[in-house]
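Just so you know, all these numbers are worked out from the coordinates, no wet-lab data involved. A quick note: this is a predicted structure, and the numbers were derived from the prediction, not measured. Positions of Cβ are backbone-derived with ideal geometry, glycine not excepted, and every protein chain shown enters the neighbour counts.
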Amino acid sequence: MQRVIIELPSQKIFSCTIPIRITDINYGKHLGNDAVLSILHEARVQYLASFGCTELEVGGVSLVMADAMIEFKQQGFYGDVLHVQLFIGSINRAGFDLYYSLNTIRNNKDILITKAKTGMVCFDYTTQKVVSIPLKLKEQLRKQ
């Protein structure tokens, strides 16, 4: 079986902390894979808010997630506080790749829980079509 391997880009653009909630824990008593996507979403929304935007309004367009990839490295547990770092990957005409690193400190050790990537696409909900990245967003992504 071929495993997903994510190489994090060097250009870090944002970081935040997100605690693992009890609702993020699955029957295996660790962070559920579905909860990881929710945590990525929260980090992305915080990043956009840091420069006055939302997923529905960023330079006159919206953002939709076109793909997601997650590489699990260690288990996350209730009570862990995740230090989430976002990195910018490729930028093209209509979208860009965001990469994520989720770490926690446990027993005085920095533990990598997960690496992930989401492909984000600019979208116009009125026309229901993919559109070009607005200049405001492209400049924000490149200025970090």
Could you give the length gained by full extension between Lys73 and Ser38, i.e. 0.36 nm per residue of separation minus their alpha carbon distance, to one decimal place?
10.8 nm
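Run the helix sum for the chain: -39,500 (n - 2.57) per DSSP H stretch of 4+ residues, divided by residue count, reported at 222 nm to the nearest 500 deg cm²/dmol. Present the calculation step by step, with values, prior to reporting the outcome.
Details: 2 runs with 26 residues, N = 144.
Helix-only estimate at 222 nm: -5500 deg cm²/dmol.
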Candidates Tyr78, Tyr47, Tyr100, ranked by Gaussian network fluctuation over the chain, Cα under 10 Å, top entry:
Tyr78
Counting only residues 5 or more places away or on other chains, whose amide H sits under 5 Å from the amide H of Leu82 once H atoms are built in the peptide plane?
Ile18, Ile20
In degrees rounded to 10, the 0-90 angle between helix 33-49 Cα long axis and the longest Cα principal axis of the chain is 50 degrees
Under 8 Å for C-alpha pairs, at least 6 residues apart: give me the relative contact order for the chain, rounded to a whole percent.
29 percent
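Roughly how large, in nm² to one decimal, is the mean projection of the convex hull of the alpha-carbon atoms in the range 1-71?
Orientation-averaged projected area of the Cα hull: 6.8 nm².
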Filter on Lys12/Lys117; Lys115/Lys136; Lys12/Lys129; Lys12/Lys109; Lys29/Lys117; Lys115/Lys138 - keep pairs with C-alpha separation over 20 Å:
Lys115/Lys136; Lys12/Lys129; Lys12/Lys109; Lys29/Lys117; Lys115/Lys138
Summarise the long-distance tail of P(r) for the chain by giving the % of C-alpha pairs beyond 19 Å.
52 percent
Which net charge results for the neighbourhood of Lys136, defined as the other residues with beta-carbon distances under 14 angstrom from its beta-carbon, given Lys and Arg at +1 and Asp and Glu at -1?
+1
